[in-house]
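What follows is a set of notes on a single structure, which appears directly below.
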Amino acid sequence: PTITLNLWDDLEISAYFKKSYAAPIVINEISYKSSEGLKNCDWIELYNTSEKSIDLSKCSIKDSEDENRFVFPPETIIKSNGYLILCQNIKSFKEQFPGVKNCIGNFPFNLKNEGDIIRFYDNTKLLVDSLAYHYLSPWPVIPGNARKTIELKSWELDNAYGENWEISKNHGTPGQ
């Protein structure tokens, strides 16, 4: 549609943008700040927003470095409206969260405490979701040596904006 404006009139213009493509897989929770006793226990939670199970075979996760890459193994399925945890060290993760079954690992890099980029690619190498988290506001600020995670307030929010994240309760809510 065409809009004609008279620039000599007093007017207020507001733009409202809406995503035209909603990715079915969303980076939903991040554990990047392991405590002293838990080395190599970073993890990333993915959420499937669709009504169908999705095969993540040959999909990949990268951080800010292209060579830091984890490729999902064959037959890695994330159920409809389900979660999958990608662990840096699955043994450490299972010691911390023994009840969580929907987890895989081990990704070969760590998530930086001062901020990093997380990128999720589909099996055709198309970038599906990405964000650049930070340890300063507007991102949630995790105090001192607290063993907390950050989680997206709602999967419907844009995870690229820090104000859409909050500090988790307890030590994270993987798989929920």
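Details
- Tally of residues being over 26 Å from Lys91 (Cα atoms), touching a Phe, Trp or Tyr at 6+ places or on another chain (Cβ under 7 Å) and either open to solvent by 60 Å² or more (accessible area, probe 1.4 Å) or among the charged types (D, E, K, R) (or both) across the stretch 105-133: 2
- For the stretch 143-176, the tally of residues that are part of a loop (DSSP other than H, G, I, E, B), touching a Phe, Trp or Tyr at 6+ places or on another chain (Cβ under 6 Å) and open to solvent by less than 50 Å² (accessible area, probe 1.4 Å) stands at 2.
Residue-by-condition table, conditions (1) more than 15 Å from the chain's Cα centre (by Cα); (2) under 18 Å from Cys41 (Cα atoms); (3) in contact (Cβ under 8 Å) with a residue 12 or more places away in the chain:
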site: Ile61; (1), (2), (3): no, yes, yes
site: Ser64; (1), (2), (3): no, no, yes
site: Glu67; (1), (2), (3): yes, no, no
site: Phe70; (1), (2), (3): no, yes, yes
site: Ile77; (1), (2), (3): yes, no, yes
site: Phe97; (1), (2), (3): yes, yes, yes
site: Val100; (1), (2), (3): yes, yes, yes
site: Gly105; (1), (2), (3): yes, yes, yes
site: Pro108; (1), (2), (3): yes, yes, yes
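- Residue check, Glu166 of a type in the set (D, E, K, R), more than 19 Å from Ser64 (Cα to Cα) and free of Cβ contacts under 8 Å to residues at least 40 places away in the same chain: yes
- Options Ser34, Ser80; residue that is polar (S, T, N, Q) and at pLDDT below 90: Ser34
- Any hit, the stretch 95-104, residues being under 21 Å from Ser60 (Cα atoms) and open to solvent by 60 Å² or more (accessible area, probe 1.4 Å): yes
- Considering the conditions (1) assigned to a loop (DSSP other than H, G, I, E, B); (2) under 26 Å from His134 (Cβ atoms), Val26 is excluded by exactly one of them, (1).
- Any chance Lys52 is at negative phi, in a loop (DSSP other than H, G, I, E, B) and in contact (Cβ under 8 Å) with a residue 60 or more places away in the chain: no
- Candidate set: the stretch 1-31, residues that are modelled with pLDDT of 70 or more, open to solvent by 100 Å² or more (accessible area, probe 1.4 Å) and of a type outside the set (Val, Ile, Thr); chosen: the one nearest to Ile118 (Cα to Cα): Glu12
The values are calculated or read from the model by the stated rules, or taken from the named source; none is laboratory data. All figures in this text were calculated on a predicted structure; none of them were measured in a lab. With ideal geometry, Cβ positions are generated from the backbone for all residues, glycine too; neighbour counts draw on all protein chains shown. To get the accessible areas, we keep the full protein, side chains included, count just its heavy atoms, and leave off ligands, DNA and RNA. Shrake-Rupley method; radii C 1.70, N 1.55, O 1.52, S 1.80 Å.
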